[in-house]
Amino acid sequence: MDKLNLSKHISSSFNDEIDEVLNHVMAMGGLIEQQLNNALMAIANADVELAQRVIDTDLKVNDWELQIDKECTSIIVKRQPAASDLRLIMAIMKTIADLERIGDETRRIARVALESFNSEQQDLLVNLDNLGRHVGQMLHDVLDAFARMDVETAVAVHQEDKKVDREYEAITRQLMTYMIEDPRSIPKIMNVLWSARSLERIGDRCKNLAEYIIFFVKGKVVRHSSAEKLEQEARS
């Protein structure tokens, strides 16, 4: 807690409660990061069993969100935090909501591994894997930034989202071309297309997480700000 520069309170239990919530957020984030890695691995290796495990484990992600939300609500009711402490609680509650949605998208991605693809279609999954690795790195970096409330890393993650959007657009064009050339592949390739869309949405969620870090540290709402203005606000 000290490393986040939070104010100390007369009641040491308040500090302990905050520390416990932060630890739970990181545990939830670590689970989701592993879920995404497993989903991508399941697709690459056509591992149906691993894919099903990702799908089933999503219930644990939901449980984490409910537990942390309950803990935050309890702190607000009992402690009535103000200033930076209240901003932190708000940032945590927004963060876990986006993390839970990342979990939902990861579950959808894992469903691609339940499909069977021929050798030519497998080549299409390579770009999906590349996009997934890019998004996975964003998730890893933003969770690391959250652990340290590192604004510089948060800004860097925020800027990566534009690159993810361009990769997603390129994959979409490739998949659409393939479906036009082979209409029989449409149902199967549509699942790949929806998975690419889920990865793009995870990138968006990572961008949101970066904004919550800036909100807590700087006390500024940078949602809907241009990239230039966000960087200026974060570093001012």
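What follows is calculated from the coordinates using simple rules that are stated; it is not laboratory data. All values reported here derive from a predicted model rather than from experimental measurement. Please note: Cβ atoms are built from the backbone with ideal geometry, for glycine as well, and neighbour counts cover all protein chains shown.
Normalised Debye scattering of the range 120-209 at q = 0.15, 0.18, 0.20 Å⁻¹ gives log10 I(q)/I(0) of -0.57, -0.73, -0.84, counting only Cα atoms as equal scatterers and leaving out solvent.
Could you list 40, 88, 143, 66 in order of exposure, starting from the residue whose Cβ has the fewest other Cβ atoms within 10 Å? The partial results should precede the final answer.
Values: 40 27, 88 24, 143 21, 66 11.
Going from sparsest to densest Cβ surroundings: 66, 143, 88, 40.
Contact order, relative form, for the chain: 25 percent (alpha carbon pairs under 8 Å, 6 or more residues apart, mean separation divided by residue count). With respect to the chain, whose longest principal axis is taken over its alpha-carbon atoms, helix 12-45 is tilted by about 10°.
Over the range 1-120, the fraction of Cα-Cα pairs per 5 Å bin, rounded to whole percents and listed from the shortest bin up, is 2, 11, 20, 17, 13, 10, 9, 7, 5, 3, 2, 1, 0. Straight-line cross-link reach from residue 70 at under 24 Å between alpha-carbon atoms covers these lysines, not counting any fewer than eight positions away in the same chain: 8, 60, 78, 94.
Computed over the chain with a Gaussian network model linking Cα atoms closer than 10 Å, the most mobile of 18, 76, 96 is 76. Using R0 = 41 Å, the C-beta based FRET efficiency linking residue 176 and residue 52 works out to 0.90. For the chain, the longest principal axis of the alpha carbon atoms and the long axis of helix 83-110 meet at an angle near 20°.
Suppose every K and R has +1 on its Cβ and every D and E has -1 on its Cβ; what is the size of the dipole of the chain about the Cα centre, in Debye to the nearest 20?
Details: 30 positive and 40 negative charges, 126 e Å.
Magnitude of the dipole: close to 600 debye.
Residue farthest toward the positive end of the dipole of the range 2-235, with Cβ of Lys/Arg at +1 and Asp/Glu at -1: which of 183, 226, 168? The listed residue farthest towards the positive side: 226. Bridging of residue 162 to lysines at a Cα separation below 20 Å is possible for 207, 229, once same-chain residues fewer than 8 apart are set aside. Computed from the Cα positions only, the extents of the chain along the three principal axes stand at 67, 39, 22 Å, in decreasing order. Note the angle between two axes, namely the Cα long axis of helix 48-79 and the longest principal axis of the Cα atoms of the chain, as a number of degrees from 0 to 90, rounded to the nearest 10. Orientation of helix 48-79: about 20 degrees from the principal axis.
Here the range 58-178 is described by how far its Cα atoms reach on the three principal axes: 59, 33, 20 Å, from widest to narrowest.
The range 96-135 and the range 157-197 have Cα centres lying 11 Å from one another.
Note on residue 122 and residue 190: the extension gain reaches 23.1 nm, defined as 0.36 nm multiplied by sequence separation minus the Cα-Cα distance.
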